[in-house]
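Presented below is the structure to which this report refers.
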Amino acid sequence: MVIEPLWDPDTAGPIEVGVDAIEIRRIERALHRFGERFLARIYSPAERERYAGRVSELAARFAAKEATMKALGTGVRGIRWRDIEVLPNARGKPVIRLHASAAERARLLGLVHVAVSLTHSRDLAIAVVVARFAPSSVPHHEA
C-alpha cells in the first residue's frame, strides 16, 4: 500500500498543522480604526472581556484563530472568527474551543484533539495549531 499526498482541502490527514504570524501593529491599527466593531467581529465576549486592553494578547489570539482555520483546511473562508475561541485553562495554558461553523467543520473531519502554542515579541505574534483526527476519518489512497 502506498499513501499518496492528499491535495483535497475537504480531507485531512491524521495530523494537520496550521501556523500564522501577524504584526501586532496591524491589530493595534484595526483597534484604533474600528474599535468595538473590530473586537465584536473577531473575538468572543469572553475573549474581549479578558484581553480587550492587551493588544499583543489579541494579536496572538488572532493568529491562533487563523492557524486553526488552516489546520481545519478552510483558511479564512467558511468559519466565523468568533467560532474559534482561545482562552486559558485553569493553569493559564491557551486552549481552543470551537463553536458553530468551526465545531461543525471539526466534526465532519473527525477532530479528536487540537493543541495551540502562542508567542509574541514586541512586533510579532505567532501561533501554531496541531489538530489530530480520528483514524477512521482519514482517507487513504491505495496504488
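Which whole-number percent gives the relative contact order of the range 25-143, counting Cα pairs below 8 Å spaced six or more residues apart?
Reported as a whole number, the value is 23 percent.
What is the gain in length, in nm to one decimal, between Val76 and Ser101 on full extension, counting 0.36 nm per residue of separation less the C-alpha to C-alpha distance?
Taking 0.36 nm per residue and subtracting the Cα distance, the gain is 7.8 nm.
Under a 5 Å amide H to amide H cut-off, with H placed in plane at 1.01 Å, what residues pair with Val95 once short-range neighbours are removed?
HN-HN under 5 Å from Val95: Leu87, Asn89.
What's the magnitude of the charge dipole for the range 15-137 around its Cα centre, counting Lys and Arg as +1 and Asp and Glu as -1 at the beta-carbon? Answer in Debye, nearest 20.
Around 160 debye, computed over the range 15-137.
Once every DSSP H run of n ≥ 4 in the chain is given -39500 (n - 2.57) and the sum is divided by its residues, what mean residue ellipticity at 222 nm do you get, rounded to the nearest 500 deg cm²/dmol?
-11000 deg cm²/dmol
Quick one: 3J(HN,Hα) in Hz for the range 118-130, Karplus 6.51/-1.76/1.60 with θ = phi - 60°, rounded, Gly and Pro as x.
Those phi angles translate into 10, 8, 8, 10, 5, 10, 10, 10, 10, 9, 10, 10, 10 Hz.
Can you give me the angle between helix 100-109 and the longest principal axis of the chain, using Cα atoms only, in degrees from 0 to 90, rounded to the nearest 10?
20
Here are some values of mean projected area of the Cα convex hull in nm²: (1) 19.0; (2) 8.0; (3) 9.2. Which one was computed from this structure?
Recomputing mean projected area of the Cα convex hull in nm² here picks out (3).
Any read-out appearing in this document is the output of simple, stated calculations on the displayed coordinates, not a laboratory observation. Bear in mind the structure is a predicted one, so any value in this text is a computation, not a measurement. Heads up, the Cβs are rebuilt from the backbone with ideal geometry, glycines too, and the neighbour counts pull from every protein chain shown.
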